[in-house]
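Enquirer: Take this structure, written in structure tokens, and hold onto it; I'll ask about it next.
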Amino acid sequence: MKTRKMLKTLLTVILACAMLLGCVLTAQADEAPAYKVAIIKQLDHASLDEIAKAIAARLDEIAAEKGVTITYEITSGQGDQSVLKQLADQAIADGVNAIIPIATTAAQVAALSAEDTQTPVVYAAISDPAAAKLTGIDYVTGTSDALNTAFILDMMLAQNPDVKKVGLLYSLSEPNSATPIADAKAYLDDKGIEYVEQTANTNDEVVAAAAALTAAKVDAIFTPTDNVIMAAELAIYEDLAAAGIPHYTGADSFVRNGAFATCGVNYTDLGKRTADLAYEAITEGMDGMDDSYLMDGGIITVNTETAAAMNADYSMFADMGEIVEVTTTKD
């Protein structure tokens, strides 16, 4: 009788343990994977804001599609490397699964902060990853918005074949600008067209530089994907339009802030692609990933209000690609 009672007790204990284990396993199975992402903008302006919003929206979509939890925080370095370093270091300390820095300096700083932990750094909108020394790093990848400078200058000459002098407006502190400005000089030299350079590192300097180009009587101005100039576009577009000087730029966000025209990458699409890459890096690792992923451009964006202010015809652009018409927005 004692033996039978002991066996019965033992069986009850075993069954209870099995049920408990089953409950634990079920709870674990029901618990969705959770990931943390830090989205760090180099500074606040229309291009980087558009990218950040697109990244966040796509991360929300991925979470819903995959049945996972993705939490993220969007911060801005306000154009200050020391602030960018603090944000990147804090992200590492918080144990994020990936950092998504937007623009070149933010990416360079994030890569440095993640060196010890090898936390994935998936950057957005780097025009020249190799020049920025962001290639060949095991834990770094991202999207490139490399510019087709020659095509934009082709647009300039198609719109006005009589261009004799071009203003080059950019910042020396922007790595994104180095290659396209060199390409622009080579293109203009080949065409025998004079160019005048003006550089700036603050909003006030951008305004002064634009005024200097106007005084120099340039026929048009070219600016690549330069974050410093982009941040000040709203402060210069009206004066340039009043002077009849079309501003050709490296991104559609410039044009939405008053510049005349561009042919380049759609930054909403770039943000979505960057989010996809970040999720891949987090969940699958980075061994099979490329150093960078070049985004397709090819969309011509024209600000119709600026065109009207200058009485500028842009119908010839239709022979060069798809045209998207926009008006000026203050964000």
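Only the coordinates and a few stated rules stand behind these numbers; no lab work does. If you're wondering where the values come from, they're calculated on a predicted model, not measured in any experiment. Here the Cβ is made from the backbone with ideal geometry for all residues, glycine too, and neighbour counts use every protein chain on show.
Enquirer: How large is the dipole of the stretch 282-331 about the Cα centre if only Lys and Arg carry +1 and Asp and Glu carry -1, each at its Cβ, rounded to the nearest 20 debye?
Expert: For this selection, approximately 340 debye.
Enquirer: Another one. Over all directions, average the projected area of the Cα convex hull of the stretch 221-280 and note it in nm².
Expert: Projected area, direction-averaged: 4.2 nm².
Enquirer: Fewest Cβ neighbours within 10 Å first, please rank His45, His247 accordingly.
Expert: Sorted ascending by nearby Cβ count, the order is His45, His247.
Enquirer: Hey, another quick one. Evaluate the distance, in nm, between pseudo-label points positioned 7 Å from the Cα of Gln118 and of Ile74 along their respective Cα→Cβ axes.
Expert: Here the answer is 3.2 nm between the modelled labels.
Enquirer: I'd like the distance separating the alpha-carbon centroids of the stretch 185-209 and the stretch 100-156, in whole Å.
Expert: 24 Å
Enquirer: By count of other Cβ within 10 Å, fewest leading, how are Tyr293, Tyr72 ordered?
Expert: Tyr293, Tyr72
Enquirer: Additional query: If packing is taken as the average number of other Cβ atoms within 10 Å across a peptide's residues, how do 49-55, 78-84 rank, most packed first?
Expert: Ranking, from highest mean packing down: 49-55, 78-84.
Enquirer: Along the charge dipole of the chain, pointing to its positive end and built from +1/-1 on Cβ of Lys, Arg, Asp and Glu, which listed residue (Ala241, Leu87, Phe151) has its Cα farthest out?
Expert: Of the candidates, Leu87 comes out farthest on the positive side.
Enquirer: Here's something else I'd like to know. Binning at 5 Å from 0, report for the stretch 175-331 what percent of all alpha-carbon pair distances ends up in each bin.
Expert: Taking all Cα pairs of the stretch 175-331, the binned fractions are 2, 8, 16, 19, 19, 15, 9, 5, 4, 2, 1, 0 percent.
Enquirer: While we're on this one: Determine the equivalent ellipsoid of the stretch 241-327 by diagonalising the alpha-carbon gyration tensor, then write out the semi-axes as square roots of 5 times the eigenvalues, largest first, rounded to whole Å.
Expert: 35, 12, 9
Enquirer: How do Asp94, Asp183 rank when sorted from fewest to most other Cβ atoms within 10 Å of their own Cβ?
Expert: Ordered by Cβ neighbours within 10 Å, fewest first: Asp94, Asp183.
Enquirer: Using only the alpha carbons of the stretch 164-231, determine the length spanned along each of the three principal axes and report them from longest to shortest in whole angstroms.
Expert: On the principal axes, the stretch 164-231 reaches 31, 26, 13 Å in Cα extent.
Enquirer: Just how large is the dipole of the chain about the Cα centre, in debye to the nearest 20, putting +1 at every Lys and Arg Cβ and -1 at every Asp and Glu Cβ?
Expert: Charge dipole of the chain: 1760 debye, to the nearest 20.
Enquirer: Kindly flag which residue pairs out of Lys41/Lys272; Lys133/Lys191; Lys165/Lys185; Lys36/Lys133; Lys133/Lys272 have an alpha-carbon separation exceeding 21 Å in this structure.
Expert: Distance filter (> 21 Å) returns Lys133/Lys191; Lys36/Lys133; Lys133/Lys272.
Enquirer: Scan the stretch 225-281 for trypsin sites (Lys or Arg not before Pro) in coil per DSSP, keeping those whose Cβ has at most 15 other Cβ atoms within 10 Å, and list them by number.
Expert: none
Enquirer: Give me the percent of Cα-Cα pairs in the stretch 271-312 that sit more than 13 Å apart, rounded to a whole number.
Expert: For the stretch 271-312, the share of Cα pairs beyond 13 Å comes to 68 percent.
Enquirer: Another question, if that's okay. Just to verify a number: FRET efficiency for Ala208 and Lys85, C-beta to C-beta distance, R0 = 35 Å, to 0.05?
Expert: 0.75
Enquirer: Expressed as a rounded percentage, what relative contact order does the chain have, with Cα pairs under 8 Å and six or more residues apart?
Expert: Relative contact order of the chain: 17 percent.
Enquirer: How big is the Rg/Rh ratio for the chain, C-alpha atoms only, Rh by Kirkwood, two decimals?
Expert: Looking at the chain, the ratio lands at 1.19.
Enquirer: Now a separate question. At 0.36 nm per residue, minus the direct Cα-Cα distance, what do Asp154 and Asp44 gain on full extension? Give it in nm, one decimal, please.
Expert: 36.5 nm
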